[in-house]
Amino acid sequence: MLRLFLAVSLTVVGLFAGGPVNVVLWFDTEDYIEPAADDAALRIATDLEKLGVRATFKVVGEKARVLESRGRTDVIRALSRHDIGYHSNFHSIQPTPALYLEGMSWLDGAAEFERRERPGVDDIRRIFGILPSCYGQPGSSWAPQTFRALLRLGIPVYLDEGEQVGIDDQPFWFGGMLNVFKMGRYMMRASLDDEGQLPQAFEKFDRAAAELESKGGGVISIYYHPTEFVTTAFWDLNFAKGANPERSEWKKPPRRTAEESERCYRILNRYVEHMKARPGVRFVAARELPLIYEGQGVRGGDRAVIARHMAARQTFLVTQRSSLSAADMLQILLGIEPALVEGPTVRGVTSIRAGVISRAAFERAKADAAAAIRGQRRLPSEVWIGAERLSLADFAATLGGDDGAASEVQVRKGNPEMERYVATDAHGAFSWPIHPDGFSAPQLLELARLQAWTLKPARLK
Ligand SMILES: [Zn+2]
């Protein structure tokens, strides 16, 4: 019987031909108030190491400094054997990123985020000896300006969960970073509160894994916080609804009993063991994501196909060979080598009333747009035709529809379909107990829609 069982298992492994299921298991390591959370991080890192699983610990700057001042080199060393990401300098101390960035422009906001966050990244480097592999925002305090700043800080991956932007529940490129975000049905966790629900969690994982296998592979995103294993309420409720008490007034979160904590660790271990046992499943740290996904560079592209696409709609296009953002395609249509660029900083407006533009004027406008993009590494908000202008979307549609030969170029109306991948609920997308009551961030979503020129699905190698 045993022999038969072994033979069957080997056959299953041998026949496995589905795409790889990459599990990104990450822990937001952020509680700098309750010292028991340090022990929880140590325990989780040690347990996972025993299981041969590499996770990603996104560490808050203040948490790293607290570990250092408490002399927890044991925790720092154990986490370092996994991957280290970054989870903001102070997490919930006011003002959180979306709050101060909502009123700021693209460039000013990026500079302000960098000013506030660079010291945290420096501390992670000093304490853990490594540049963080990824960033994810505190709570739902997401903002598009952070992407420009994070690239300047040398962080290439955005790993978190939220509603603001995403494509079909799988990784994507946005703002020059590889994003594992808005993962929908591929974001899951087993409840730490009820071991009896584990079979359902296994089933949900198996269903998602089977779906990805049949589609050629993909990512499943799973996250926890070490503090959840030892507390029953979040440490940062000190800062709820915009509150900002002095350190001396910070209250510790309510603790779980030792038995409850053991149950939480057991649930995580059983959950991970279940995933590990499935053929084709591999655990991938944030640092490895850029190795298993194709870069955002473009390999070729049929100009006629791109022109037809851009004349009708400005959104990404996935071909046999490449994944192309609207920004990639605009550069190809302008005859320049597609490079990593930013989206426009403001929404341009079309002023031109005539239905056509002369060939000479349009060619000058194209040359001017190409020079602007090459010089600034950013798409212009609008393109000038003499004293009149076309919004970027109208310009792209007009360029796509132009045969390059007629003496007059027909002006076309843009159709920026890529904006559909950005949330519209400016209140709901930023809902978080730490944000002030009634907080909404419509300007952040508008900036995100403009940066959606850079949006495209990521492709597994
Ligand atoms: Zn967090």
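Observations, loosely collected:
- Residue-count net charge about residue 455 - beta-carbon cut-off 11 Å; Lys, Arg +1, Asp, Glu -1: 0
- Residues 413, 204, 58 arranged by fewest to most Cβ contacts within 10 Å: 413, 204, 58
- Taking the helices alone, the chain has a mean residue ellipticity at 222 nm of -12000 deg cm²/dmol, built from -39,500 (n - 2.57) per DSSP H run of at least 4 residues and averaged over all its residues.
- Beta-bridge orientation, the chain: approximately 40 percent antiparallel, per DSSP, counting only bridges with both partners inside.
- Equivalent-ellipsoid semi-axes of region 76-170, from the Cα gyration tensor, Å, largest first: 22, 16, 12
- If R0 equals 56 Å, the separation of the Cβ atoms of residue 232 and residue 370 corresponds to a calculated FRET efficiency of about 0.45.
- Shape class of the chain from the Cα gyration tensor (axes a ≥ b ≥ c, square roots of the eigenvalues): oblate, since a/c reaches 1.5 or more and a/b does not exceed b/c.
- Basic side chains Lys and Arg get +1 at the Cβ, acidic Asp and Glu get -1 at the Cβ, and with that the dipole of the chain about its Cα centre reaches some 1100 debye.
- Residues 87, 82 arranged by fewest to most Cβ contacts within 10 Å: 82, 87
- Here the gap between residue 303 and residue 291, fully extended at 0.36 nm per residue and compared with their Cα-Cα distance, gives a gain of 1.4 nm.
- For region 230-240, 3J(HN,Hα) per residue [Karplus equation, 6.51 cos²θ - 1.76 cosθ + 1.60, θ = phi - 60°, Hz, x = Gly/Pro]: 10, 10, 10, 8, 6, 4, 8, 5, 3, 10, 4
- In order along region 29-44, the phi-based Karplus estimate (6.51 cos²θ - 1.76 cosθ + 1.60, θ = phi - 60°) of 3J(HN,Hα) comes to 9, 9, 6, 9, 9, 9, x, 4, 5, 5, 5, 5, 4, 4, 4, 5 Hz; Gly and Pro are listed as x.
- Along region 64-75 the Karplus relation, 6.51 cos²θ - 1.76 cosθ + 1.60 evaluated at θ = phi - 60°, assigns HN-Hα couplings of 4, 5, 5, 4, 5, 6, 7, x, 8, 5, 4, 5 Hz to successive residues, with x for each Gly and Pro.
- Amide H partners (placed H, <5 Å) of residue 415, local residues excluded: 314
- With 0.36 nm allotted per residue and the present C-alpha distance subtracted, the residue 358-residue 122 stretch has 79.6 nm of extension available.
- Modelled label positions at residue 346 and residue 407, each set 7 Å beyond Cα in the direction of Cβ, lie 3.8 nm from each other.
- For region 176-283: rounded, prolate or oblate by the Cα gyration tensor [a/c cutoff 1.5]: oblate
- Under the criterion of Cα pairs below 8 Å and six or more residues apart, the relative contact order for the chain equals 20 percent.
- Between residue 318 and residue 250, the FRET efficiency from the beta-carbon distance, with R0 = 56 Å, is close to 0.70.
- Per-residue Cβ neighbour rank within 10 angstrom, fewest leading, 310, 104: 104, 310
- Separation in nanometres of the label points that stand 7 Å from Cα toward Cβ, at residue 259 and residue 210: 3.7
- As a calculated quantity, the FRET efficiency between residue 388 and residue 431 at R0 = 45 Å, using C-beta atoms, amounts to about 0.60.
- Comparing 237, 156, 98 along the charge dipole axis of the chain, the residue lying farthest to the positive side is 156, per the Cβ-charge model.
- Annotation: amide H-H contacts under 5 Å for residue 284 (H modelled 1.01 Å from N, sequence separation of 5 or more, or interchain): 23, 24, 25.
Every number here is computed from the coordinates shown, using simple stated rules; none is lab data. All values derive from a computational prediction rather than experimental measurement. Cβ sites come from the backbone with ideal geometry, for glycine too, and all protein chains shown count toward neighbours.
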